[in-house]
1. How do the pairs read when you match residues in region B:1-25 that are within 14 Å of chain A (Cβ to nearest Cβ) with residues anywhere that are part of a strand (DSSP E or B), using Cβ under 6 Å and keeping only pairs 6 or more apart or on different chains?
2. Would it be correct to say that A:Val153 is among the aliphatic types (A, V, I, L, M), surrounded by 15 or more Cβ atoms within 10 Å (Cβ to Cβ), touching a residue at least 60 places away in the same chain (Cβ under 8 Å) and away from every other protein chain (no Cβ under 14 Å)?
3. Where in region A:161-213 are there strands (runs of 3 or more DSSP E), lying fully within it, with 2 or more residues that are without any contact (Cβ under 8 Å) to a residue 40 or more places away in the chain and in contact with a His (Cβ under 6 Å, 6 or more places away or on another chain)?
4. Restricting attention to region B:223-237, does a residue exist that is in contact with a helix residue (DSSP H, G or I) (Cβ under 7 Å, 6 or more places away or on another chain) and more than 7 Å from chain A (Cβ to nearest Cβ)?
5. Restricted to region B:2-52, and to residues that are in a helix (DSSP H, G or I) and at pLDDT below 95, which residue is surrounded by the most Cβ atoms within 10 Å (Cβ to Cβ)?
6. Looking at A:Gly205, A:Gly228, A:Gly214 in this structure, which one is closer than 27 Å to B:Thr166 by Cβ and exposed (fewer than 14 other Cβ atoms within 10 Å of the Cβ)?
7. Among the residues of region A:56-77, write down those that are within 14 Å of chain B (Cβ to nearest Cβ) and either surrounded by fewer than 20 Cβ atoms within 10 Å (Cβ to Cβ) or at positive phi (or both).
8. Just checking, how many residues over region A:78-115 are open to solvent by less than 10 Å² (accessible area, probe 1.4 Å), within 10 Å of another protein chain (Cβ to nearest Cβ) and touching a helix residue (DSSP H, G or I) at 6+ places or on another chain (Cβ under 8 Å)?
Amino acid sequence: MAKVLVFIDNPGASLKKSSLELLTLARSLGESAVALNGELSDGVAAAFGEYGVGTVIRPSTDDLDDFLVAPKAAYLAAAAEAAGAGIVLLDNSPEGKEIAARLGIRLNAGVITDVVAVDADGTGHKSVLAGSYNTACKATTPVSVLTLKANNVTPEPAAAPTTPEAATVEVPAGSSTAAARITAREQKVATGRPDLTDARIVVAGGRGMDGDFGPVEELADALGAAVGASRAATDAGWISHDAQVGQTGKTVSPQLYISAGISGAIQQKAGMQTSKVIVAINKDAESPVFEIADFGIVGDVFDVLPQAAAEIKKRKG
Amino acid sequence: MKIVVLVKHVPDAQFDRHLNGEGFTTDRDESILSELDEYALEAALQLAEARGGSKAGNQVIALSMGPAGAVNAIKKSLQIGATEGVHLTDDALAGSDAAATSLALAAAVRHLGDVDLVITGMASTDGETSLVPAQLAERLGLPQVTFASSLEVDGGRLTARRDADTSSETVEATLPAVVSVTDQINEPRYPNFKGIIAAKRKSITTLSLADIGVDPAQVGFSGSWTTVTNAEQRPPRTAGTIITDEGDAGIKLVDFLAAQKLL
């Protein structure tokens, strides 16, 4: 049976949904182990047992967070060797992909990013060229490294919980000598809304919001949705760059994407056209976004969004 | 300073893009300089100009790996302001994945001698994996400073800012280093008439795998560690119901969401 190693970085007090998705996928592919970085809280330790993890590996040093990517990759490579892993799974965040990249070189292993599903033989499925193709890719090496996009696996605890064994892996000496050092870290203020990349529903605004994201946020909160934006809106400074959806921002594929005041140029479409249902509101009937919308409204966002938000609140009581 | 900027010739995203090539590789007709690489080139030009530009011996070398057509990405880079171009091209490179690409590019960078910085975009706009900058740093044994939204170099040290979702980081490294920059770092310039004329006098060096000492078996389809086993075009999305607001479109929107069980 394949040995599958999952990298979990600084989980804090509880595992994120995307981590539970990784553990669920790992268990479906073989015997799962975790390479952890950071504190192991009681809640996280219990979740590892519930999700059937066999071994929890931790690094010999606690300074991996002081450096960018390289020492984490060196640690994970040592952990993969110690665990005899044939498959290594990471999250699909920018840092997850970069750790995967370097891990691949260290282990002479093929790396596949942006994966939405993995077959028993390690074949990864992904969508490429802005969602215009679905491809199947396989590593031709003894070890495969895959990064999994959030929201593609349903988290499910194991039928039989485990009591994971604890192990420590030595971080290779010198793995931080040629690494960039993180000298300051500034936490951003939490919005209280779901993460854009994990959200079930996204409400996004563009140039048509004309500097006022209030109606977008109000509808998002009525729906329990994340807030997104086009590049025009983030470049104008109406909303944080973190909210940008599109080719140079985030790629999202929620159950529902509501596009408000966004024309839908190719760069924006690249970030959202694999969404399950797309709703578009724009006062220009010729906007390209209407070509891909399941439901389109030619109208003023400042009329339609508040009316919809009020109606949802009324129906939800 | 000697700065190498990696530039890629990619299919223009304004048109339909296809995986029609051998082994489901990308059809490269209608290709352009990857938009995200313009930010890397601009970052390099600003660093060079702050140090007196090419007159003071600063070099900005546009390096591209790819088939014959990729020379167009280098020419565009020279028009924008790169001082010279290097085109790594060899039939054996076709089909290279990120691991094979980073191997060839690492050898090409070593071939160019004492380089202070290698600057790349945050991703290519075709493959979009963001793997190559990190793999290049690993292969060259250099500090990796990726997704920089600001970049300053002072003597032999660089400082960059990285913006993640929950935090922003300040990162420091010594030169030489591999840096990738985001589209937030600057406003790339356009080539002007003077630049287009000047580019005609700039040199482009062509390198083969033999020139950089890479065995053809280590790259291309044979040297890659991943293979694409299937590619299927997704059916294009089709337009659904479009209505014009007559004062109750917000209510109709909620009716639609309720019918789709999305409330």
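1. Matching pairs, first to second residue: B:Val10/B:Ser31; B:Pro11/B:Ser31; B:Asp12/B:Ile32; B:Arg17/B:Pro11; B:Leu19/A:Tyr133; B:Leu19/B:Ala231; B:Phe24/B:Val228; B:Phe24/B:Ala231.
2. Values: among the aliphatic types (A, V, I, L, M): yes; surrounded by 15 or more Cβ atoms within 10 Å (Cβ to Cβ): yes; touching a residue at least 60 places away in the same chain (Cβ under 8 Å): yes; away from every other protein chain (no Cβ under 14 Å): yes.
Yes, satisfied.
3. On the way: elements: A:165-169, A:181-187, A:201-205.
Filter on region A:161-213 gives an empty set.
4. yes
5. Start the filter on region B:2-52 by keeping residues that are in a helix (DSSP H, G or I), which leaves B:22-24, B:35-50.
Imposing the further condition that a residue be at pLDDT below 95 reduces the set to B:22-24, B:35-36.
Values: B:Glu22: 8, B:Gly23: 14, B:Phe24: 20, B:Glu35: 18, B:Leu36: 24.
Going through the qualifying residues, I end up with B:Leu36.
6. On the way: A:Gly205 fails: exposed (fewer than 14 other Cβ atoms within 10 Å of the Cβ); A:Gly228 fails: exposed (fewer than 14 other Cβ atoms within 10 Å of the Cβ).
Answer to the check: A:Gly214.
7. Listed by number, the residues that qualify are A:Asp65, A:Asp66, A:Val69.
8. Looking only at that region, the number is 9.
The values are calculated or read from the model by the stated rules, or taken from the named source; none is laboratory data. For clarity, every value in this text was computed on a predicted model and none was experimentally measured. Every residue, glycine among them, receives a Cβ derived from its backbone with ideal geometry; neighbour counts consider all protein chains shown. When the accessible area is computed, the model is the full protein with side chains, heavy atoms only, and any ligands, DNA or RNA have been set aside. Shrake-Rupley method; radii C 1.70, N 1.55, O 1.52, S 1.80 Å.
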